[in-house]
Amino acid sequence: MSTLMAVIRHDMKLALRRPADFVNALAFFVIALTLFPLGVSPEDSFLVPAAAGLIWVAALLATLLSLNQLFESDAVDGTLEQLLVSGQPLFAIALCKVAVHWVVTGLPVILMTPLLAVMLQLPADLLPVLLLSMLLGTPVLSLIGGIGSALTLGLRGAHIITSLIVLPMYVPVLLFATGAVLSAQAGVSYDGQMAVLGALLALALALAPFAIAAALRISVSQN
């Protein structure tokens, strides 16, 4: 536990020393949603049904923007190799790193969502549904993204390759999260969509850390 806490403290300090790594993702999220009504239509008839989808797509792309910072600095300064030979469970270390990534990228996006939802004319009674879907869905984005980031570590054009790997796996999260909000808007039960999001989160928590650990070993051995 002391090693895992040290990893969390190290990554949090690194994120605070280089705020641009996560501020860029939040800035993209805000700017994209601010410009969209100006470029398409500011009418309520368009924004109300589209608001949840717009917010989720922007959150997904903001997560993609920050994925390659997950392991890159550790690979450059040799920390990753030290972790591999430390004898500590690499899957637990990977889970800690993904958790820090979500705290510095996913959590600020969720905190900013209510303000942007109001700007996009999302009805107030739908906001709790949207926030719950984001609390369940954004950690899944970080966990899946961690797999892609680990697989492409050290490769040329890693950002593009990571996007190609993880985007297809992001689609179920996007569909069920926006579907939950649309169901609530139509007055239909959204329990099914939330249950699927919860199941996806549980599955990602159970499997993604092991996949990330295996991908890191492969990437380090090839570089």
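The values are calculated or read from the model by the stated rules, or taken from the named source; none is laboratory data. Please read these numbers as outputs of a predicted model, since none were measured by experiment. Heavy atoms of the whole protein, side chains included, go into the accessibility calculation; ligands, DNA and RNA do not. Shrake-Rupley method; radii C 1.70, N 1.55, O 1.52, S 1.80 Å.
Table for the structure above
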quantity: Accessible area per residue, Å², the stretch 87-127 with all protein chains present, probe 1.4 Å; calculated: 40
quantity: Karplus 3J(HN,Hα) series, Hz, for the stretch 51-58 with 6.51 cos²θ - 1.76 cosθ + 1.60 (x for Gly, Pro); calculated: 4, 4, x, 4, 5, 5, 5, 5
quantity: Candidates Ala199, Ala32, Ala180, ranked by Gaussian network fluctuation over the chain, Cα under 10 Å, top entry; calculated: Ala199
quantity: Mean residue ellipticity (222 nm) of the chain, computed from DSSP H runs ≥ 4 via -39,500 (n - 2.57), nearest 500; calculated: -27500 deg cm²/dmol
quantity: In Å², nearest 10: area of Ser163 left accessible to a 1.4 Å probe; calculated: 30
quantity: Pairs of Cα atoms farther than 25 Å apart, the stretch 1-146, %; calculated: 35
quantity: For the stretch 65-201, fraction of C-alpha pairs farther apart than 18 Å, in %; calculated: 61
quantity: Of Thr34, Thr113, Thr152, the one that fluctuates the most in a GNM where the chain has Cα springs shorter than 10 Å; calculated: Thr34
